[in-house]
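Scroll down for the structure; my scribbles are underneath it.
The values are calculated or read from the model by the stated rules, or taken from the named source; none is laboratory data. Fair warning: this is a prediction, and the values are worked out from it, not measured in the lab. Cβ atoms come from the backbone with ideal geometry, glycine included; neighbour counts cover every protein chain shown.
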Amino acid sequence: MNERFAASTLKNPLMPDEVIFSEKGVTFKARKVFSSSENFVFYSDIAGVEIESGVFFSTIRIKARAREEEIVIENFTKGDARKVKELILERAFR
């Protein structure tokens, strides 16, 4: 059940963003040059998922019920972004 998706290494070869699925929720790891953030959200706390697609890569935005700010993870392939959204919605709205 622990599925993992990593962002493309073309734009950020050393520190790609990641999405990790577990039994109870999903972990989002967003990495930058001098900082990183790791957010765990229970499936039941996810209010929505949006994908913003560019020519080559997609950005995934997660809206969690208990947070004001969206969780943003970047540089995923369009196919991976769609799969991440599909898995989150499937598990969050059972």
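Take segment 10-40 and flag every residue that is touching a helix residue (DSSP H, G or I) at 6+ places or on another chain (Cβ under 9 Å) and assigned to a strand (DSSP E or B).
Restricting attention to segment 10-40, the residues satisfying the condition of being touching a helix residue (DSSP H, G or I) at 6+ places or on another chain (Cβ under 9 Å) are 19, 21, 24-26.
Val19, Phe21, Gly25, Val26, listed by residue number.
Tally time: how many residues in segment 4-26 are of a type outside the set (A, V, I, L, M, F, W, C) and within 11 Å of the chain's Cα centre (by Cα)? Spell out the reasoning first.
In the first step, residues of segment 4-26 are kept if they are of a type outside the set (A, V, I, L, M, F, W, C); the result is 4, 8-9, 11-13, 16-18, 22-25.
With within 11 Å of the chain's Cα centre (by Cα) added as a condition, the list becomes 4, 17-18.
So the count comes out to 3.
If only one of Val49, Val84 is touching a helix residue (DSSP H, G or I) at 6+ places or on another chain (Cβ under 6 Å), surrounded by 15 or more Cβ atoms within 10 Å (Cβ to Cβ) and β-branched (Val, Ile, Thr), which one is it? Walk me through how you get there before you give the answer.
Working: Val84 fails: touching a helix residue (DSSP H, G or I) at 6+ places or on another chain (Cβ under 6 Å).
When all the criteria are applied, what remains is Val49.
Report the residue count in segment 52-71 for those that are surrounded by fewer than 16 Cβ atoms within 10 Å (Cβ to Cβ), closer than 16 Å to Ala6 by Cβ and either under 10 Å from the mean Cα position of the chain (by Cα) or of a type in the set (Val, Ile, Thr) (or both).
0
Filter segment 26-53 for residues that are without any contact (Cβ under 8 Å) to a residue 40 or more places away in the chain and of a type in the set (A, V, I, L, M); which is farthest from Arg65 (Cα to Cα)?
The selected residue is Val33.
If you scan segment 57-73, which residues turn out to be assigned to a strand (DSSP E or B), small (Gly, Ala, Ser) and out of contact with any Ser or Thr (no Cβ under 9 Å at 6 or more places or on another chain)? Before the answer, list the steps.
Start the filter on segment 57-73 by keeping residues that are assigned to a strand (DSSP E or B), which leaves 57-64, 71-73.
Checking which are small (Gly, Ala, Ser) leaves us with 58, 64.
The answer is Ala64, and nothing else.
Looking only at residues in segment 6-28 that are in contact with an Asp or Glu (Cβ under 8 Å, 6 or more places away or on another chain) and at pLDDT 95 or above, which one is nearest to Glu74 (Cα to Cα)?
Restricting to residues being in contact with an Asp or Glu (Cβ under 8 Å, 6 or more places away or on another chain) and at pLDDT 95 or above, the top hit is Phe28.
Can you list residue pairs whose Cβ atoms sit under 9 Å apart, with the first residue in segment 1-21 being among the small types (Gly, Ala, Ser) and the second being surrounded by fewer than 14 Cβ atoms within 10 Å (Cβ to Cβ) and assigned to a loop (DSSP other than H, G, I, E, B)? Count only pairs 6 or more apart in sequence or on different chains.
Close Cβ pairs satisfying both conditions: Ser8/Phe56.
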